Amino acid sequence: MAEQAETVRRTPLSRDRILRAAVALADEAGIESLSMRNLAQDLGVVPMALYKHVANKDELLDGMIDVVVGEIDPPVPAADWKHAVRQRILSARQVLLRHPWAPLAIETRNMATPAVLAYLDSMIGAFRAGGFSVDLAHHVMHAMGSRILGFSQELFDDSRRAGRSGRTDPAPSAAALPPEIAARFPHVAEIAMAASHDDGSVLGQGCDDQFEFEFALDLLLDGIERLHQRGWASPRR
C-alpha cells in the first residue's frame with residue numbers, strides 16, 4: 001500500500017489528475033471542504049503547482065462538473081426519442097447520486113460548462129430527431145428544468161445546503177408532527193401518514209426518491225408525447 005501511494009504521488013501532475021482528485025475529495029468530504037491547499041495536500045504537491053493546470057477555484061469547479069457530466073451514458077443509438085431521453089436522464093440521476101455535491105454546483109455556476117452544454121445540446125437533438133418542432137423542444141426544455149440533468153428541487157428536501165456534502169436527517173414523519181400542526185394542515189399530515197418509503201430518503205421517511213423521480217419524469221414524458229402527437233404549437237406561434 002505504501003508503494004502504491006508513493007507511485008501515485010510520483011505520477012506527473014496533469015489537469016485531468018487534479019480534477020479527478022478534486023471530485024474524489026468533494027465526494028468524500030463535501031464540496032465545502034475543497035480548497036486548493038487541501039487538494040494539493042492530497043496530491044502531494046505544493047498549492048502553486050495546481051495553478052499551472054487550473055487558473056483558480058472557479059475553473060476547478062467547472063472542470064469537476066465536466067468530469068461528472070462526462071460519466072453520463074451516451075445516447076442510445078437508433079432509439080425512439082422517449083426511450084433515449086428517459087434512459088439518459090436516469091443515467092444522469094445515478095451519476096449525481098454518486099456525486100451529491102454536483103447538483104448545487106451546477107446550479108450555482110454563472111455559465112453552463114462545455115460538458116453541460118454538450119449534454120443539453122444532445123438532449124435537444126434527441127427531441128428534434130424525434131420530430132419535435134423547435135417551438136415544442138424549447139418549451140419542453142423549460143418544463144423539464146433541472147430534471148433533464150437528473151435532479152430536481154424537491155418540495156420538502158432539507159439536504160440542499162451549500163455543497164450537499166451528505167444527507168441531513170430526513171424530514172419528520174406524520175407521527176412526529178405536533179398534533180396542533182397536523183390539525184391545522186390536515187392534508188399535509190394525511191400525505192405524510194400515507195407515505196411508506198425507504199429510511200434513506202431526502203424526502204422523509206417513507207419516500208422512495210427513485211420512484212418519485214421516475215413518477216414525475218414519466219408524467220412529463222407522457223404529457224410531452226401527447227402534445228407532440230397533436231402537433232402542438234405555442235399560442236404565440
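Quick one: putting +1 on the C-beta of Lys and Arg, -1 on the C-beta of Asp and Glu, what dipole do you get for the stretch 1-137 around its Cα centre, in Debye to the nearest 20? Before the final figure, lay out the partial values.
Working: 15 positive and 17 negative charges, 23 e Å.
My answer is approximately 120 debye.
Could you tell me how far the Cα centroid of the stretch 212-237 sits from the Cα centroid of the stretch 99-155, in Å? For the stretch 99-155 versus the stretch 212-237, the Cα centre distance is 15 Å. Looking at the stretch 20-66, none of the GluC sites (Glu not before Pro) sits in a DSSP loop with at most 13 other Cβ atoms within 10 Å of its own Cβ.
Our estimate of slack between N38 and E190, defined as 0.36 nm per intervening residue step minus the Cα-Cα distance, is 50.0 nm. The residues neighbouring L177, those whose beta-carbon lies less than 14 Å from its own, together hold a net charge of -1 under the Lys/Arg +1, Asp/Glu -1 convention. Taking amide H atoms as placed 1.01 Å from N in the peptide plane, the amide H of D208 lies under 5 Å from those of D198, each 5 or more residues away in sequence or on another chain.
Read-outs throughout are calculated quantities, based only on the coordinates presented, and are distinct from any laboratory measurement. Predicted model only: the values in this text are computed from it and were never measured. Here Cβ is always computed from backbone atoms with ideal geometry, including for glycine, and neighbour counts include all displayed protein chains.
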